[in-house]
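Encoded as structure tokens, the structure appears first; notes follow it.
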Amino acid sequence: MAIKAIIFDIDGVLADSRQAVVTNTKLLMREFGFEIENGKVEGMSTAHSAESVLIALAPSLANNDSLRARMLRRLSGITQENLQLVKPTLLVQSVPALSKKYKLAAASNRKASAVMVLEKLGIVAYFSAVLTSAQAPPKPSPEMIRMCLEKLGVRPGEALFIGDNLEDLQAGEAAGVKTAMIDGTLAAECKKLVERLQVS
């Protein structure tokens, strides 16, 4: 069955956000009085939702819903303040051409900041749907991808999901879509994928 739609993860695929995630998380933890040992934030995968990262860094937050909610709201503000730290991957320049051939969507474990990042990259207008962990359980749950399929009006066999980590792979496979794993920060991998999608 021919591919009619592409669903992108954002971080690690379209956005090189590693420096931003580390910086923003450190600022947030310090602002709320949490001392985190050096290297611990860097060791956290950007694949995880911000909420699960906060709990991993400060386990006491698991039992403090109101503080956790306040921290997540503040993190959204810090993310917006530091959007200049998010860098486009090579794939970003192919998005306009891809949008002429495929329906596009994004599925990210971010919440409100997902749209912020796509706006910063200058590509939000090319996406027919942007689903986040604000609307569905975070990946590896396949629900976010299933919701993208519904919004795009395509069947699982007609979509390709592009991610960069194990949680993405598990989500894509569970949703029944073709799944490609790439490191968007590597130019060679981006070029190979674009060639495979037959877009110049």
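What to note about this one:
- Charge dipole of the chain (Cα centre as origin; +1 on each Lys and Arg Cβ, -1 on each Asp and Glu Cβ, all else neutral): 560 debye, rounded to the nearest 20.
- Karplus-based coupling profile of the range 107-120, in residue order and whole Hz: 10, 10, 6, 5, 10, 4, 5, 4, 5, 4, 5, 5, 5, 4, with θ = phi - 60° in 6.51 cos²θ - 1.76 cosθ + 1.60 and x standing for Gly or Pro.
- A simple count of charges around ILE36, restricted to other residues whose Cβ falls under 11 Å of its Cβ and scoring Lys, Arg +1 and Asp, Glu -1, yields 0.
- In the range 17-116, trypsin sites (Lys or Arg not before Pro) in a DSSP loop with at most 13 other beta-carbon atoms within 10 Å: LYS40
- In the chain, taking the dipole from charged Cβ atoms about the Cα centre, the farthest positive-side position among THR132, CYS148, ALA2 is held by ALA2.
- Electrostatic bookkeeping for ALA129 treats Lys and Arg as +1 and Asp and Glu as -1; over the other residues with beta carbon under 12 Å from its beta carbon, the sum is +2.
- C-alpha center-to-center spacing [the range 137-200, the range 61-118] in angstrom: 17 Å
- What the phi angles of the range 33-42 give under the Karplus curve with 6.51, -1.76 and 1.60, with θ = phi - 60°, is a coupling list of x, 9, 8, 10, 5, 4, x, 5, 5, 4 Hz, glycine and proline written as x.
- Rounded tilt (10° steps) of 65-81 against the dominant C-alpha axis of the chain: 60 degrees
- In sequence order, the range 151-163 has phi-based couplings of 5, 7, x, 10, 7, x, x, 9, 10, 10, 9, 10, x Hz under the Karplus curve 6.51 cos²θ - 1.76 cosθ + 1.60, θ = phi - 60°, and Gly or Pro positions carry x.
- Computed over the range 18-84, the quotient of the alpha carbon radius of gyration and 2.2 N^0.38 Å is 1.01.
- Positive minus negative residues near SER49 (Lys, Arg vs Asp, Glu; Cβ under 9 Å): +2
- Dividing the mean sequence gap of close Cα pairs (under 8 Å, 6+ apart) by how many residues the chain holds gives a relative contact order of 30 percent.
- About the centre of its Cα atoms, the range 1-113 shows a dipole size close to 520 debye [charges on the beta carbon of Lys, Arg (+1) and Asp, Glu (-1) only; nearest 20 debye].
- Shape category assigned to the range 87-132 from the gyration tensor of Cα positions, a/c cut at 1.5: oblate
- Of LYS100/LYS191; LYS4/LYS192; LYS151/LYS191; LYS87/LYS151; LYS111/LYS139; LYS111/LYS191, those spanning more than 23 Å from alpha-carbon to alpha-carbon: LYS151/LYS191; LYS87/LYS151; LYS111/LYS191
- Of the residues ALA159, VAL53, GLY43, the one whose Cα sits farthest towards the positive end of the charge dipole of the chain is ALA159 (charges of +1 on Lys and Arg Cβ, -1 on Asp and Glu Cβ, taken about the Cα centre).
- Under 5 Å, built H, 5+ apart or other chain: amide partners of PHE161: ILE7, LYS178, THR179, ALA180
- Residue-averaged 222 nm ellipticity for the chain, from DSSP H runs of 4+ at -39500 (n - 2.57), nearest 500: -12500 deg cm²/dmol
- Angle between the chain longest axis and helix 18-31 axis [Cα atoms, degrees, rounded to 10]: 30 degrees
None of the figures in this text is laboratory data; all of them are computed from the coordinates on show. Owing to the predicted nature of the structure, the values given are computational and were not obtained by experimental measurement. Cβ atoms come from the backbone with ideal geometry, glycine included; neighbour counts cover every protein chain shown.
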